1. Which one of these does Leu221 not meet: (1) of a type outside the set (S, T, N, Q); (2) modelled with pLDDT of 90 or more; (3) surrounded by 13 or more Cβ atoms within 10 Å (Cβ to Cβ)?
2. Could you tell me which residue of segment 1-18 is surrounded by the most Cβ atoms within 10 Å (Cβ to Cβ), considering only residues that are outside any loop (DSSP other than H, G, I, E, B) and either at pLDDT 90 or above or in contact with a Phe, Trp or Tyr (Cβ under 9 Å, 6 or more places away or on another chain) (or both)?
3. Inside segment 89-129, can you point out the residues that are at pLDDT 65 or above and in a loop (DSSP other than H, G, I, E, B)?
4. Return the total of residues in segment 31-60 being open to solvent by 30 Å² or more (accessible area, probe 1.4 Å) and under 20 Å from the mean Cα position of the chain (by Cα).
5. Could you list, in sequence order, all residues of segment 6-51 that are in contact (Cβ under 8 Å) with a residue 60 or more places away in the chain and aliphatic (A, V, I, L, M)?
6. Please state which one of Gly180, Gly173 is among the small types (Gly, Ala, Ser) and without any contact (Cβ under 8 Å) to a residue 12 or more places away in the chain.
7. Quick check, is Asp28 at pLDDT 95 or above and open to solvent by 60 Å² or more (accessible area, probe 1.4 Å)?
8. Could you count how many residues in segment 130-169 are part of a helix (DSSP H, G or I), open to solvent by 60 Å² or more (accessible area, probe 1.4 Å) and at pLDDT 70 or above?
Amino acid sequence: MRVSLDAADRKSYAKVRGKDFFDRIVRDVGKFIAFKKQVGAATPAVSLWLTGMKETVDQLPAFVRLAATMGVTDVHLQRLVFDEVGYGMARADLSLFESTQGEELAAIEAAQALGRDLGVSLDASGATEPGMSLKRQSEDQPWATCRRPWSLMYFTAHGRALPCCIAPFSVRGYSNYTLGDATQQSLREIWNSPAYRDFRTSLLSSAPPAPCQNCGMRWSL
């Protein structure tokens, strides 16, 4: 269960998310983890996610400490995906991509060190070392480095299978990127379906699926 908390305090959360839900999320996730321990449940695994922006990256050490107090041992930095228009705070001027300053790198290193002391792992989106995600990995076909269609499945509450969580914000109309229907098909059928296979093939080409065309070109961390 991935919890996109995105800030280490109530005020910053309200600024990033536009809602005053910070205290409730921290409370409820903590209660959920305590209940898991009480009944001896190993799953679902719970992780906290923070979107890497200039506004919040300095909170990373506090974010790791917060995770530890909640009982969460898995923290991730999420890439900020943005475009020319800008969606809320998803803007180029808030991006860390290829513009990371010393203070921001110091925050990442401090958070990693704190995590080791507190027993909290810190990784960047895509299971890469955090600092590596601040640099472009592929100049010609950056979308081709995405491994999600080979490793993960995403579903809406109505059972639509999507290639990733970013697709709905990239292209309008679910028909452009729906890869299956979990209310009508098994997960194995969806995973091995012609739609999924065609999507993977297209992702490795010079003409990727519509939701992927700008992905990797305009993201940060």
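1. (2)
2. Tyr13
3. Gln101, Gly119, Val120 - these are the residues of segment 89-129 that are at pLDDT 65 or above and in a loop (DSSP other than H, G, I, E, B).
4. Number satisfying all stated conditions: 6.
5. Val16, the sole residue that qualifies.
6. Being among the small types (Gly, Ala, Ser) and without any contact (Cβ under 8 Å) to a residue 12 or more places away in the chain holds for just one of Gly180, Gly173, which is Gly173.
7. For Asp28, the condition - at pLDDT 95 or above and open to solvent by 60 Å² or more (accessible area, probe 1.4 Å) - is met.
8. 4
The values are calculated or read from the model by the stated rules, or taken from the named source; none is laboratory data. Quantities reported herein were computed from a predicted structural model and do not represent experimental measurements. Positions of Cβ are generated from backbone atoms using ideal geometry, with glycine treated the same way; all protein chains shown enter the neighbour counts. Heavy atoms of the whole protein, side chains included, go into the accessibility calculation; ligands, DNA and RNA do not. Shrake-Rupley method; radii C 1.70, N 1.55, O 1.52, S 1.80 Å.
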